[in-house]
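Asks: Below is one structure. I have some questions about it.
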Amino acid sequence: MGLRRAVVTGSGVQDWGGVAALTETYAWVLPSFGVHPWYVGDQPEDWFEKLAAWLQKYPQAGVGEIGLDRWLPTADVPLQVQMFRKQWLLAHQLRRVATVHCLQAFGLLEETLLELPRLDSGFLLHSYCGPLEMVPAFTRLGAYFSVSPYFLHERKAHQWQTFKHVPLDRLLLETDAPDMWPPMELNPHALYDAEGKPMNHPANIVLMYEHVAMLRQMPVEELAGQVAENFARLFGSE
């Protein structure tokens, strides 16, 4: 595929070792360690010390996935905010990039970020599903925006159009595999789990380049060059 680099993020203490193992096995993996907002209540008491240790061990690593999410009915939003702030401040202290998950909490995210120091290189709002109107404000705060195959579903057409307007120098592409799978009629790498639920395949990154190039009305090669520049600016060059 010609893949050069890819960010692999953790979601909690339970999978940081797996991220590290992939990093040791594949030279193109750029690791990221963080506590996802869905799992803030499942972490051991020493989660923060463990996070700092993983980041010290891998100087190239980012902080993530971290974030805020009101979608889950059982969401403990105050705890999410508390743990998000701690992880963001650690990223700032260590001069690392952050990968941020946000769902149904974009106003709260902006409010929280305005109270925190800006990260030197910026941060990624992955699979951005917020309103187009908030893109300028997040851009001023240092955000990059990635789009995933799930937005190719017809019911996500409005969100897909948002990426026609994201500043080209802040645009990134992702799969979020095994989540965020594309519509099966567009999916060249169909996968299913043991229960028959669709899964996304990392090779669908090619699908994203093809469809985002059509959305932005530009050649795939030109898009790939721009995304490579954006990736290097945010996550660092090889």
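The values are calculated or read from the model by the stated rules, or taken from the named source; none is laboratory data. If you're wondering where the values come from, they're calculated on a predicted model, not measured in any experiment. With ideal geometry, Cβ positions are generated from the backbone for all residues, glycine too; neighbour counts draw on all protein chains shown. For the accessible areas, the whole protein counts, side chains as well, though only heavy atoms, and no ligand, DNA or RNA atoms are used. Shrake-Rupley method; radii C 1.70, N 1.55, O 1.52, S 1.80 Å.
Asks: If I stretch the segment between Gln226 and Glu111 completely, what's the gain in nm (0.36 nm per residue apart, minus their alpha carbon distance), one decimal?
Replies: Residue separation times 0.36 nm, minus the Cα-Cα distance, leaves 38.4 nm.
Asks: Next question. Among Val35, Val206, Val97, which one shows the highest mean-square fluctuation when the chain is modelled as a Gaussian network with alpha-carbon springs under 10 Å?
Replies: Judging by the Gaussian network model, the answer is Val206.
Asks: At 7 Å along the Cα-to-beta-carbon direction for both His189 and Arg85, put a label point, then send me their distance in nm to one decimal.
Replies: 4.0 nm
Asks: Please determine, in degrees from 0 to 90 and to the nearest 10, the orientation of helix 205-216 with respect to the longest principal axis defined by the Cα atoms of the chain, where the helix direction is its Cα long axis.
Replies: Taking Cα atoms only, the helix is inclined about 70 degrees.
Asks: Sticking with this one: Tally Lys and Arg at +1 and Asp and Glu at -1 over the other residues with C-beta under 12 Å from the C-beta of Leu234: what net charge comes out?
Replies: +1
Asks: Could you quote the convex hull projected area for the stretch 95-201, Cα atoms only and averaged over all directions, in nm²? All intermediate terms of the calculation are to be shown ahead of the outcome.
Replies: Working: hull surface 31.4 nm².
If you wrap the Cα atoms of the stretch 95-201 in a convex hull and average its projections, you get 7.8 nm².
Asks: Okay, next question. Taking the Cα atoms only, what angle lies between the long axis of helix 77-94 and the longest principal axis of the chain, rounded to 10 degrees?
Replies: Helix 77-94 sits roughly 90 degrees off the main axis of the chain.
Asks: Could you please state how large a percent of the accessible area of the stretch 135-238 is carbon and sulfur, counting protein chains only and using a 1.4 Å probe?
Replies: Whole-percent figure for carbon plus sulfur exposure: 54.
Asks: Now a separate question. Considering the convex hull of the alpha carbon atoms of the stretch 1-99, report its projected area averaged over all viewing directions, in nm², one decimal. Kindly include the intermediate steps, with their values, before the conclusion.
Replies: Details: hull surface 27.0 nm².
The orientation-averaged projected area of the Cα hull of the stretch 1-99 comes to 6.7 nm².
Asks: Still on this structure: In degrees between 0 and 90, to the nearest 10, how far off the longest principal axis of the chain does helix 13-25 point, with axes built from Cα atoms?
Replies: 60 degrees
Asks: Considering only protein heavy atoms, what per residue accessible area in square angstrom results for the stretch 1-141 with a 1.4 angstrom probe?
Replies: For the stretch 1-141, the solvent-accessible area averages 48 Å² per residue.
Asks: Roll a 1.4 angstrom probe over the protein heavy atoms and tell me the percent of accessible area of the stretch 1-51 that is carbon or sulfur.
Replies: On the stretch 1-51, the fraction of accessible area on carbon and sulfur atoms equals 53 percent.
Asks: Specify, per residue and in Å³, the volume enclosed by the convex hull of the alpha carbon atoms belonging to the stretch 46-153.
Replies: 114 Å³
Asks: In addition: Would you calculate a helix-derived [θ] at 222 nm for the chain, using -39,500 (n - 2.57) for each DSSP H run of n ≥ 4 and dividing by the full residue count, to the nearest 500?
Replies: -11500 deg cm²/dmol
Asks: I need to check one value: relative contact order of the stretch 158-238, counting alpha carbon pairs closer than 8 Å and at least 6 residues apart, in percent.
Replies: On the way: 75 pairs, mean separation 25.2, N = 81.
Across the stretch 158-238, relative contact order equals 31 percent.
Asks: At a Förster distance of 45 Å, what's the computed FRET efficiency of Asp15 paired with Gln217, Cβ-Cβ distance as r, to 0.05?
Replies: The formula returns an efficiency of 0.70 here.
Asks: Using the alpha carbon gyration tensor of the chain, what are the three equivalent-ellipsoid semi-axes (square root of 5 times each eigenvalue), largest first, in whole Å?
Replies: Output for the chain: semi-axes of 26, 20, 19 Å.
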